[in-house]
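Student: Before I ask anything, here is the structure I am working with.
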Amino acid sequence: MRQFRSLVCFSLALLLALAPPSLTSFAASRVYHGIDVSEWQGDIDFEAVRQSGIDAVYIRAGEGSDYVDAYFESHYQGALAAGLKIGYYHYVTAQNEEEAREQARFFYSLIRGKTVDLYPAMDFESFPGLDVEEINAIGAAFMETLNDCLGYTPSLYSDTNNTASVWDSSFSSYPLWVAEYGPAVPSNTGYWATWDGFQYSDAGNVPGITGQVDLDYFKDTMLINGGNDSGSPDASTTYTVRPGDTLWAIARRFGTTVEALVQANDIPDPNLIYPGQVLTIPGRGEMQATYTVRPGDTLWAIARRFGTTVQELVNLNGIADPNLIYPGQVLRLPDSSSVLVYRVVQGDTLSGIALRFGTTVQALVRANHIADPNLIYVGQTLVIPQ
């Protein structure tokens with residue numbers, strides 16, 4: 001996202017991009033794999049991006065008070081069609097408060113009416129000729145104006161240096177999307193108790209994108225409920241069925257269940273959907289963790305694994321018979337679960353995941369009842385033993 005990169009930082013990030021940082025300290029929230037893009041990435045195959053395990057994308061809308069990113073609309077349409085969670089950021093160039101307000105209104109005009117899943121972000125990182133007091137006044141004017149336009153809070157993108165030395169305590173009420181390349185977790189979040197988004201590399205390689213791209217983790221605290229700009233978002237969205245889709249695959253993609261889709265869309269036969277059919281996706285904004293039932297699973301064992309109860313799983317998933325679950329069934333997990341879960345992405349191996357989280361292959365096998373340590377699949381939810 002940064003406009004200028006030093007050669008040293010670039011080289012370091014390139015090396016570290018091969019091994020994303022450990023998520024051990026992220027256990028307080030569900031964490032989603034993300035990227036952020038602009039015209040520098042050019043044309044993107046977002047379906048390939050999604051299939052590689054990316055959940056969310058921040059798209060640059062524009063810069064200043066009149067520049068629209070050349071790929072803004074095509075990136076938006078591609079991400080929307082692929083079913084990714086979508087956010088937007090705007091590169092701020094204001095030199096005074098009035099310019100900041102004008103740029104906030106311009107940003108809002110670009111994203112108004114579009115699907116919004118993640119809090120729109122102010123990217124204000126270059127401050128030529130400005131002192132800290134002026135920077136904070138300009139940033140506050142932008143954020144307050146954008147908040148008024150949106151009807152809900154925006155978020156702040158910042159690197160750790162500016163987070164620690166520039167932004168004052170008044171900004172800590174906004175979700176923080178912080179950038180730092182190298183450490184497993186951000187080394188400093190300033191007045192923020194924690195982070196909501198973490199840009200950990202600017203040299204990632206993702207299928208569907210030519211060249212390198214920024215890589216991010218986003219907690220569920222970075223997600224707003226639903227996807228409109230009214231300030232009172234719905235808890236649902238829609239998805240148009242594509243050739244080859246199944247209800248099970250759609251449920252898995254959007255973190256819901258086949259049963260919930262059937263009920264929300266009055267589907268008489270769950271095995272019969274057709275290309276072009278528009279489905280309501282219930283509760284997309286909730287972004288709950290899910291678990292796909294495997295052969296030999298019982299509801300009791302799943303409840304124990306995720307630190308919850310059979311009754312809570314029954315209530316959350318509308319299960320009529322607690323003794324009857326089937327392989328391939330997608331179960332929602334309660335938000336209160338304190339267990340750290342990780343969703344497998346393309347290229348993962350069990351040994352790599354174990355190394356990343358400071359555990360062992362054997363511990364992962366035991367915690368997840370894995371029959372073959374060499375066989376894991378994209379989208380599989382793993383419990384990380386603590």
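Student: Expressed as a rounded percentage, what relative contact order does the range 288-337 have, with Cα pairs under 8 Å and six or more residues apart?
Tutor: Relative contact order here is 57 percent.
Student: I would also like to ask the following. Quick one: if you stick a label point 7 Å off each Cα along the C-beta vector at Gln263 and Thr210, how many nm between them?
Tutor: The answer from the label model is 4.7 nm.
Student: Now, a different point. Checking the a/c ratio against 1.5 first, then a/b against b/c, what shape does the Cα gyration tensor give for the range 288-337?
Tutor: rounded
Student: Now, a different point. Pop out the carbon and sulfur fraction of the accessible area of the range 133-181 as a percent, whole number, probe 1.4 Å.
Tutor: 41 percent
Student: List the residues of the range 106-134 whose backbone N lies under 15 Å from a point placed 7 Å from the Cα of Asp148 along the Cα-to-Cβ direction.
Tutor: Flagged as within label range: 106-109.
Student: Starting from the Kirkwood radius over alpha-carbon pairs of the range 31-222, derive D by Stokes-Einstein at 20 °C in a medium of 1.002 mPa s and give it in µm² s⁻¹.
Tutor: Once the numbers are plugged in, D ends up at 129 µm²/s.
Student: Please work out how much accessible surface Leu247 shows to a 1.4 Å probe, ignoring ligands, DNA and RNA, in Å² rounded to 10.
Tutor: 10 Å²
Student: Local charge sum around Ala301 (other residues, Cβ-Cβ under 14 Å, Lys/Arg +1, Asp/Glu -1)?
Tutor: +3
Student: Give the long-range amide H neighbours of Gly42: residues separated by 5 or more places, or on another chain, with amide H under 5 Å away, using H modelled in the peptide plane at 1.01 Å from N.
Tutor: HN-HN under 5 Å from Gly42: empty list.
Student: Which value, in debye to the nearest 20, describes the size of the charge dipole of the range 65-185 about its Cα centre when Lys and Arg Cβ atoms bear +1, Asp and Glu Cβ atoms bear -1, and nothing else is charged?
Tutor: 620 debye
Student: Mean separation of Cα pairs under 8 Å and 6+ residues apart, divided by the residue count of the range 31-222: what relative contact order is that in percent?
Tutor: 23 percent
Student: Something else about it: Please work out the C-alpha center-to-center distance from the range 155-199 to the range 55-99 and express it in whole Å.
Tutor: For the range 155-199 versus the range 55-99, the Cα centre distance is 20 Å.
The values are calculated or read from the model by the stated rules, or taken from the named source; none is laboratory data. Everything numeric here is computed off the predicted structure, so don't read it as measured data. FYI the Cβ positions are ideal-geometry reconstructions off the backbone, even for glycines, and counts take in every protein chain you see. With ligands, DNA and RNA removed, areas are computed over all heavy atoms of the protein, side chains included. Shrake-Rupley method; radii C 1.70, N 1.55, O 1.52, S 1.80 Å.
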